[in-house]
Amino acid sequence: YKLVDGELMPLSLHFAKCADNDAAELVAALFEETLPQIGAQLDVETVSFGELLSDYYREGEERRFDMNFMATNFLSTFDPYITFAYRDDMHGSVNTSGIADEELLRLAWELRKTEPGDLLTFMQRWIRMQERYNEILPTMPIFSNVYFDFFTSQLQNYHINMEYSWPVAILYSYL
């Protein structure tokens, strides 16, 4: 529950999942069993992957779903200042949460300005930013993956972490 205009409002989530996705079925079943135990409501809707992506990237007027089941990669360089930017051209493409919070953006900027090698300051700023992020809690990651690139030593000039993704990195590679 959260306090809205002096009254308690129960958490209600509209969850989008694609058909024939066993993992999404398991997560939906888990949430359908556990969320009512804390007074939360869950509405699960099966949609096409295209519809899920369209909603996630905010291609319509308003986002229809509070939750969706899909995976994303973390970029090798994570920049919260860009992730939480709320310029119109960033909403949907980079800022997929749609959050527009000046304090969070200011804290992300302070984190970004940390001098390289100043680990203590970085950690302190990271914690302050995470505390604010948790106050407004726009997202709830369910799981995360770690990806590995395995390739033959005959492949030269393949520097995956220097490029946006492997399809870009492979363009500059050769055997």
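Look at the range 83-123 and say how many of its residues are touching a residue at least 24 places away in the same chain (Cβ under 8 Å) and either basic (Lys, Arg) or in a helix (DSSP H, G or I) (or both). Walk me through how you get there before you give the answer.
Step one: filter the range 83-123 for residues touching a residue at least 24 places away in the same chain (Cβ under 8 Å), giving 83-84, 91-93, 96-99, 101, 103-105, 107-109, 111-112.
Now narrow it down to the ones that are either basic (Lys, Arg) or in a helix (DSSP H, G or I) (or both): 83, 103-105, 107-109, 111-112.
Of the residues in the range 83-123, 9 are touching a residue at least 24 places away in the same chain (Cβ under 8 Å) and either basic (Lys, Arg) or in a helix (DSSP H, G or I) (or both).
Return the residue satisfying two criteria in turn: it lies in the range 40-63 and is more than 13 Å from Cys18 (Cβ to Cβ) and modelled with pLDDT of 90 or more, and of such residues it is most open to solvent (accessible area, probe 1.4 Å). Walk me through it before giving the result.
Going residue by residue through the range 40-63, those that are more than 13 Å from Cys18 (Cβ to Cβ) are 40-43, 57-63.
Still in the list and also modelled with pLDDT of 90 or more: 40-43.
Numbers: Ala40: 9, Gln41: 96, Leu42: 42, Asp43: 81 Å².
Result: Gln41.
If we keep just the residues of the range 153-162 that are in a loop (DSSP other than H, G, I, E, B) and open to solvent by less than 70 Å² (accessible area, probe 1.4 Å), which is modelled with the highest pLDDT?
Filtering the range 153-162 for residues in a loop (DSSP other than H, G, I, E, B) gives 153-155, 157-159.
Subset that is open to solvent by less than 70 Å² (accessible area, probe 1.4 Å): 155, 158.
On the way: Leu155: 93, Tyr158: 90.
Only one residue fits best here, namely Leu155.
Among Glu110, Glu115, which is the only one that is of a type in the set (D, E, K, R) and open to solvent by 60 Å² or more (accessible area, probe 1.4 Å)?
Numbers: Glu110 fails: open to solvent by 60 Å² or more (accessible area, probe 1.4 Å).
Checking each option against the conditions leaves just Glu115.
So that you can scan it fast, the table gives a plain yes or no per residue for (1) surrounded by 10 or more Cβ atoms within 10 Å (Cβ to Cβ); (2) over 30 Å from Arg63 (Cα atoms):
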| residue | (1), (2) |
| --- | --- |
| Glu102 | no, no |
| Leu105 | yes, no |
| Phe122 | yes, yes |
| Trp126 | yes, no |
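Looking only at the range 150-167, count every residue that is out of contact with any helix residue (DSSP H, G or I) (no Cβ under 7 Å at 6 or more places or on another chain) and farther than 18 Å from Phe78 by Cβ and tell me the total.
Residues meeting the conditions: 9.
Does the range 30-40 include one or more residues that are in a loop (DSSP other than H, G, I, E, B) and among the acidic types (Asp, Glu)? Talk me through it step by step, then tell me what you get.
Kept after step one, since they are in a loop (DSSP other than H, G, I, E, B), are these residues of the range 30-40: 39-40.
Going one step further and asking which of them are among the acidic types (Asp, Glu), we end up with none.
No, the conditions are met nowhere in the range 30-40.
Say we look at the range 128-143 and pick out the residues that are open to solvent by less than 60 Å² (accessible area, probe 1.4 Å) and either modelled with pLDDT under 70 or polar (S, T, N, Q) (or both); which of these is nearest to Ala100 (Cα to Cα)?
The initial filter retains those residues of the range 128-143 that are open to solvent by less than 60 Å² (accessible area, probe 1.4 Å), namely 129-130, 132-133, 136, 138-139.
This time we only want the ones that are either modelled with pLDDT under 70 or polar (S, T, N, Q) (or both), so: 130, 138-139.
Working: Gln130: 15, Pro138: 10, Thr139: 13 Å.
Across the range 128-143, the extreme among qualifying residues is Pro138.
Restricting the search to the range 1-24, which residues are open to solvent by less than 80 Å² (accessible area, probe 1.4 Å), without any contact (Cβ under 8 Å) to a residue 12 or more places away in the chain and assigned to a strand (DSSP E or B)?
Val4
When you look at Val27, is it in a strand (DSSP E or B), surrounded by 11 or more Cβ atoms within 10 Å (Cβ to Cβ) and either touching a strand residue (DSSP E or B) at 6+ places or on another chain (Cβ under 9 Å) or touching a residue at least 40 places away in the same chain (Cβ under 8 Å) (or both), yes or no? Give the steps one after another, and end with the answer.
Details: in a strand (DSSP E or B): no; surrounded by 11 or more Cβ atoms within 10 Å (Cβ to Cβ): yes; either touching a strand residue (DSSP E or B) at 6+ places or on another chain (Cβ under 9 Å) or touching a residue at least 40 places away in the same chain (Cβ under 8 Å) (or both): yes.
Against the criterion (in a strand (DSSP E or B), surrounded by 11 or more Cβ atoms within 10 Å (Cβ to Cβ) and either touching a strand residue (DSSP E or B) at 6+ places or on another chain (Cβ under 9 Å) or touching a residue at least 40 places away in the same chain (Cβ under 8 Å) (or both)), Val27 does not qualify.
Kindly indicate which of Leu104, Leu175 is of a type in the set (A, V, I, L, M), within 21 Å of the chain's Cα centre (by Cα) and more than 30 Å from Leu26 (Cα to Cα). Break it down into steps so the answer makes sense when it comes.
Numbers: Leu175 fails: within 21 Å of the chain's Cα centre (by Cα).
Being of a type in the set (A, V, I, L, M), within 21 Å of the chain's Cα centre (by Cα) and more than 30 Å from Leu26 (Cα to Cα) holds for just one of Leu104, Leu175, which is Leu104.
The values are calculated or read from the model by the stated rules, or taken from the named source; none is laboratory data. Computed from a predicted model, the values in this text were never measured in an experiment. Note that we place each Cβ from the backbone using ideal geometry, even for glycine, and neighbour counts take in every protein chain shown. Keep in mind that these areas ignore ligands, DNA and RNA; they rest on the heavy atoms of the full protein, side chains included. Shrake-Rupley method; radii C 1.70, N 1.55, O 1.52, S 1.80 Å.
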